[in-house]
Amino acid sequence: MNIRFVILVLLASLSLSVPVASAIPAEGGKAQGEQPSGPQETPPAAAKSSLDDDIRALREQITAAPADSILRIRLGYLLVKKNSLDEAQLSFAEALKLNPRSHSAQTGEGIVLAGKGNLKEAEEMLKAALVMNPDPVRTHYELGMVYEKLGDLENALKEYKAGLRKHEQGRK
């Protein structure tokens, strides 16, 4: 089976059934002041402004609740989306200091490491996140991406398939 086809099927199935905000791993209830999520129908420039506004709002919430690791994780994922990898890495590191067993922060850290080209470190971080993650679809996908970048297509395919199986089970 062609690995590109598997990736396409995985992305299509995730985009059809998973709202945008739920693609970000979560570990608890909603953060204070969190807005309902759904598909956004904004032009790219407005989306960037909205992303900056969301980042600013989360930073304010973190100032008010500095020990809330979930807020720091959400900030990290928004910073990844903005491609501010150094800031995202700092946010995930702070979340891991507050909650060392946070699979969401570990997954985020793995995404950042992969984005910076530290593929072996990303692989180890994502493997650690899989051990603790009850809904590992995103983590399997990210680990598959790392294996694909490393040229290990066999393991990439295994991770993509594992993610698809978990998704079919109703996991996220």
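Read-outs: derived from the displayed coordinates by stated rules, not from any lab. Being a predicted model, the structure only gives us computed values, none of them experimental. FYI the Cβ positions are ideal-geometry reconstructions off the backbone, even for glycines, and counts take in every protein chain you see.
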Table column - 3J(HN,Hα) (Hz), region 112-117, Karplus curve with 6.51, -1.76, 1.60, x for Gly and Pro: 5, 4, 5, x, 8, x
For region 83-97, 3J(HN,Hα) per residue [Karplus equation, 6.51 cos²θ - 1.76 cosθ + 1.60, θ = phi - 60°, Hz, x = Gly/Pro]: 6, 9, 5, 5, 5, 4, 4, 5, 5, 5, 4, 5, 5, 5, 5
For VAL146, VAL80, order by how many other beta-carbon atoms lie within 10 Å, fewest first: VAL80, VAL146
Of LYS97/LYS127; LYS97/LYS158; LYS127/LYS166; LYS97/LYS166, pairs whose Cα-Cα distance is over 24 Å: LYS97/LYS158; LYS97/LYS166
Packing-based exposure ordering (other Cβ within 10 Å, fewest first) of LYS120, LYS82, LYS172: LYS120, LYS82, LYS172
Charge tally in the Cβ shell below 15 Å around VAL146, where Lys, Arg are +1 and Asp, Glu are -1, VAL146 excluded: -3
